[in-house]
Amino acid sequence: MDIKELSYGEIESIFLNLANGCEKQYNEEESKLFLSLAKYYSEKAENKSGNIEDIKKNLEEEMSTLYVDAKKEAELINDRGAKRALIWSEKVTMLMNGLINRYKLQGDTFLDNTKIFVCEICGFIYVGDLKPEICPICKVPNEKIHEIV
């Protein structure tokens, strides 16, 4: 697999995932440290945010190459946890691609008079008035699904 330079947003996502993993293992101190690193890279990413075409291009690259390579690696070492995480993230990436396509067609009106919710466990994004009762991707209750302002 080719190694590429990670964007600030990708690094932020990695640290957020590590923080979530530490939280689940009741390692609060480590979780806080990863969150502070995620915040640092989030601020860097805000200063270098891409346009909708850049985001779409990155999603397409993820779907066509990165997921394929990651699945091969997870299968090779028979890592069930990695396989499950890849299934979730691939579904979320496909949904994000659909949301971007809808946004491209409708423009800013796509988000008029509605809310955006994100699952803190798998990253599922939902656009609508009420958050779902459970996450359709990872099946957690809606307490883990938060409205984004």
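The values are calculated or read from the model by the stated rules, or taken from the named source; none is laboratory data. These numbers were taken from a predicted model, which means no experiment stands behind them. Every residue, glycine as well, gets a Cβ built from its backbone with ideal geometry; the counts of neighbours run over all protein chains shown. Side chains are part of the model used for accessible areas, which takes the heavy atoms of the whole protein and leaves out ligands, DNA and RNA. Shrake-Rupley method; radii C 1.70, N 1.55, O 1.52, S 1.80 Å.
Rg over Rh for the stretch 56-149 works out to 1.03, both radii taken from alpha-carbon positions and Rh defined as the Kirkwood radius. Segment GLU30..ASP112, full-extension length gain: 25.7 nm, with 0.36 nm per residue of separation and the alpha-carbon distance subtracted. What does the charge count near TYR67 come to, summing +1 for each Lys or Arg and -1 for each Asp or Glu among other residues with Cβ under 13 Å from its Cβ? With Lys, Arg at +1 and Asp, Glu at -1, the neighbours total -3.
Relative to its residue count, the stretch 4-97 spans a Cα convex hull of 108 Å³ per residue. Heavy-atom accessible area for GLU61, with the other protein chains in place and a 1.4 Å probe, reaches approximately 70 Å².
Applying the criteria of a DSSP loop state and at most 10 other Cβ atoms within 10 Å to the chymotrypsin sites (Phe, Trp or Tyr not before Pro) of the stretch 1-44 yields TYR26.
The residues of the stretch 25-149 expose, per residue, 70 Å² of accessible area to a 1.4 Å probe. Modelling each spin label as a point 7 Å along the Cα-to-Cβ direction, I'd like the ILE87/LYS39 distance in nm, to one decimal. In this crude spin-label approximation the distance works out to 3.6 nm.
The alpha-carbon atoms of the stretch 6-56, seen along their principal axes, cover 39, 18, 14 angstrom, with the largest extent given first.
Along the chain, the longest continuous region that contains none of the trypsin sites (Lys or Arg not before Pro) in a DSSP loop with at most 14 other C-beta atoms within 10 Å is 49-138.
Placing a label point 7 Å from the Cα of MET94 along the Cα-to-Cβ line, the residues of the stretch 124-149 whose backbone N sits under 13 Å from it are 137.
Do me a favour and compute the ellipsoid semi-axes for the stretch 61-110 from its Cα gyration tensor, root of five times each eigenvalue, largest one first, whole Å.
30, 10, 4
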